[in-house]
1. Please report the antiparallel percentage of DSSP beta bridges with both residues in the chain, rounded to the nearest 5.
2. Could you check the simple spin-label distance between Asn90 and Ser2, using points 7 Å along Cα→Cβ, in nm with one decimal?
3. For each cysteine in the chain, check whether another cysteine's C-beta sits under 4.7 Å from its C-beta; list those where none does.
4. About the Cα centre, and with charges only on the beta carbon of Lys, Arg (+1) and Asp, Glu (-1), how big is the dipole of the chain? Nearest 20 debye, please.
5. Based on the alpha carbon coordinates of region 21-132, what radius of gyration and maximum Cα-Cα distance (Dmax) apply, in Å?
6. Using a Förster radius of 30 Å, what is the FRET efficiency between Thr52 and Thr99 based on their Cβ-Cβ separation? Nearest 0.05, please.
7. Please sort by residue number the chymotrypsin sites (Phe, Trp or Tyr not before Pro) in region 36-141 whose DSSP state is loop and whose Cβ has at most 16 other Cβ atoms within 10 Å.
8. Need one number: nm distance between label points at Ser119 and Ala60, each 7 Å from Cα along Cα→Cβ, rounded to one decimal.
Amino acid sequence: LSVCVTPLFGDPYYKKCVSRCYNKTYGLADSARQCVATCPSTPQDLYSDDNTYTCVLATACSNSMFGDSSTRKCVPFCPLSANTYANPANQKCTSTCDTPYFADNSTRKCVNTCPSIPSLFADSSSRKCVENCPGPSSFAD
């Protein structure tokens, strides 16, 4: 199969250029323009988008989804098994939340403000929402 021209992708099953990839494959818009089963993490950190059937950057995931590096997919919720949080700073599932966010276990999201139900407190040292403040030093800014 030769290289397909934009906006087409090479389908490895039917051996033809297609406008949309099928069979759980995703269009990779690189120089080869192929349908791939898994979107690559290098040279660009790409994720498979089940709405567009293309490989996209996390910031381009459809429906405000997040890029999950454990599955290489755009997901609506970050997996509990990977112990990650939906990070709005980069639209990725991350193990930690950067300032100004805090990791909220009740929602699996990085949040600006910890929830009042359940009653959680923002711990600046761990960047997590916690049930109990760890000590007097956590209040010092």
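Taken together, the values in this text are just the output of simple stated rules run on the coordinates, not laboratory data. The structure presented is a predicted model; accordingly, all values stated were derived computationally and were not measured. Neighbour counts run over all protein chains shown; Cβ positions are idealised from the backbone, glycine included.
1. In the chain, approximately 80 percent of DSSP beta bridges are antiparallel ones.
2. 4.0 nm
3. Within the chain, the cysteines lacking a partner Cβ under 4.7 Å are Cys133.
4. Dipole size: approximately 580 debye.
5. When restricted to Cα atoms, region 21-132 yields Rg and Dmax of 15.9, 53 Å.
6. Efficiency at R0 = 30 Å is approximately 0.40.
7. Phe77
8. Modelled inter-label distance: 4.7 nm.
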